[in-house]
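J.: Sharing a structure with you now.
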Amino acid sequence: MELDPAKMSVLDIYKTMVRLITPRPIAWVSTISPDGKTNLAPFSYFAGVGSAPPSIMISVVDHGDGRPKDTARNIQATGEFVVNVVPFSLVEPMHQTGASLEYGDCEFEKTGLEQVASKMVKPPGVLLAPARMECRLMQMVKIGSGPGSTNAIFGEVVWFHENQGADPSGFDTVGRMGHKSYCRTTERFEL
């Protein structure tokens, strides 16, 4: 099958990309608004981008009407966020935090997830996440405009938290496949 993005709708391009780019790790991002309201949301356009300095990138697609999502809005305003690693044991609350809520509504409260204070940034982390990366905004790049536009957010990791030590096999993390499908990192092999 050959597809020309110039002849595809934004939705069809999105569906194609999430079908082809798999598995995608999930950045479960916690932020805080300037007036102290917490936010927690999952994003599967996420990657590590460098080690000197340690840096990550998340992509936060705008709402259908072009408004920025709470995560992008909070990061732009405060310059801080936390990326929480999603274990299989927290997949249901993670999925629930993807719901659209009014700005200022707290996903931690709606899901019953416990917060844990961060060491270097103001946004809290998810207490039961096996690992967390506290980040400060390096750069936010707006890509496109209107429906389907996104914010590529680059953050410097200023603190790492690992509950499992150096062995990631204990994490049992979850990744995103296409459409509604997810995967686990329980089957591994070495080359």
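The values are calculated or read from the model by the stated rules, or taken from the named source; none is laboratory data. Values in this document were obtained by computation on a predicted structure and should not be read as measured data. Every residue, glycine among them, receives a Cβ derived from its backbone with ideal geometry; neighbour counts consider all protein chains shown.
J.: Tell me, please, whether a residue that is of a type in the set (Phe, Trp, Tyr) and in contact with an Asp or Glu (Cβ under 7 Å, 6 or more places away or on another chain) can be found in the stretch 103-110.
T.: Yes, that holds for at least one residue.
J.: Shifting gears a bit: Among the listed residues Val141, Val126, which satisfies the condition of being of a type in the set (Val, Ile, Thr), out of contact with any helix residue (DSSP H, G or I) (no Cβ under 6 Å at 6 or more places or on another chain) and over 15 Å from Val60 (Cβ atoms)?
T.: Step by step, each of Val141, Val126 is checked, and only Val126 is of a type in the set (Val, Ile, Thr), out of contact with any helix residue (DSSP H, G or I) (no Cβ under 6 Å at 6 or more places or on another chain) and over 15 Å from Val60 (Cβ atoms).
J.: Looking for whichever is surrounded by 15 or more Cβ atoms within 10 Å (Cβ to Cβ), out of contact with any Phe, Trp or Tyr (no Cβ under 6 Å at 6 or more places or on another chain), without any contact (Cβ under 8 Å) to a residue 60 or more places away in the chain and not charged (D, E, K, R) here; the options are Val157, Val126, Val116. Which one fits?
T.: Val116
J.: A follow-up question, please. Whether any residue in the stretch 81-91 is surrounded by fewer than 18 Cβ atoms within 10 Å (Cβ to Cβ) and over 23 Å from Thr185 (Cβ atoms) is what I want to check.
T.: Checked against the condition, which is being surrounded by fewer than 18 Cβ atoms within 10 Å (Cβ to Cβ) and over 23 Å from Thr185 (Cβ atoms), the stretch 81-91 yields no hits at all.
J.: Mind counting the residues in the stretch 1-35 that are among the basic types (Lys, Arg) and within 15 Å of Val174 (Cα to Cα)?
T.: Residues that pass the stated criteria total 1.
J.: Can you name the residue in the stretch 46-60 that is surrounded by 14 or more Cβ atoms within 10 Å (Cβ to Cβ) and touching a Pro at 6+ places or on another chain (Cβ under 9 Å) and is also farthest from Met17 (Cα to Cα) among such residues?
T.: Val60
J.: If you take the residues in the stretch 31-69 that are out of contact with any helix residue (DSSP H, G or I) (no Cβ under 8 Å at 6 or more places or on another chain) and of a type in the set (S, T, N, Q), which one is farthest from Lys122 (Cα to Cα)?
T.: Filtering first and then ranking leaves Ser51.
Here's the yes/no breakdown for (1) under 16 Å from Lys110 (Cβ atoms); (2) at pLDDT 95 or above:
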position: Val61; (1), (2): no, no
position: Gly64; (1), (2): no, no
position: Gln76; (1), (2): no, yes
position: Gly79; (1), (2): no, yes
position: Val83; (1), (2): no, yes
position: Leu90; (1), (2): yes, no
position: Gln96; (1), (2): yes, no
position: Ser100; (1), (2): yes, no
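J.: Also: Within the stretch 25-45, is even one residue touching a strand residue (DSSP E or B) at 6+ places or on another chain (Cβ under 6 Å), at pLDDT 90 or above, crowded, with 16+ Cβ neighbours inside 10 Å and part of a helix (DSSP H, G or I)?
T.: Scanning the stretch 25-45, I find no residue that is touching a strand residue (DSSP E or B) at 6+ places or on another chain (Cβ under 6 Å), at pLDDT 90 or above, crowded, with 16+ Cβ neighbours inside 10 Å and part of a helix (DSSP H, G or I), so the answer is no.
J.: Within the stretch 69-95, track down each residue that is under 15 Å from Thr38 (Cα atoms) and out of contact with any strand residue (DSSP E or B) (no Cβ under 7 Å at 6 or more places or on another chain).
T.: Selection gives Arg73, Ala77.
J.: Also, quick follow-up: Which of the residues that make up the stretch 170-191 are touching a Ser or Thr at 6+ places or on another chain (Cβ under 8 Å) and either part of a loop (DSSP other than H, G, I, E, B) or at pLDDT below 75 (or both)?
T.: Within the stretch 170-191, Phe171, Asp172, Met177, Gly178, Thr185, Arg188 meet the criteria.
J.: Could you list, in sequence order, the residues of the stretch 92-110 that are under 15 Å from Ile26 (Cβ atoms), in contact (Cβ under 8 Å) with a residue 24 or more places away in the chain and surrounded by fewer than 19 Cβ atoms within 10 Å (Cβ to Cβ)?
T.: Passing the criteria: His95, Gly98.
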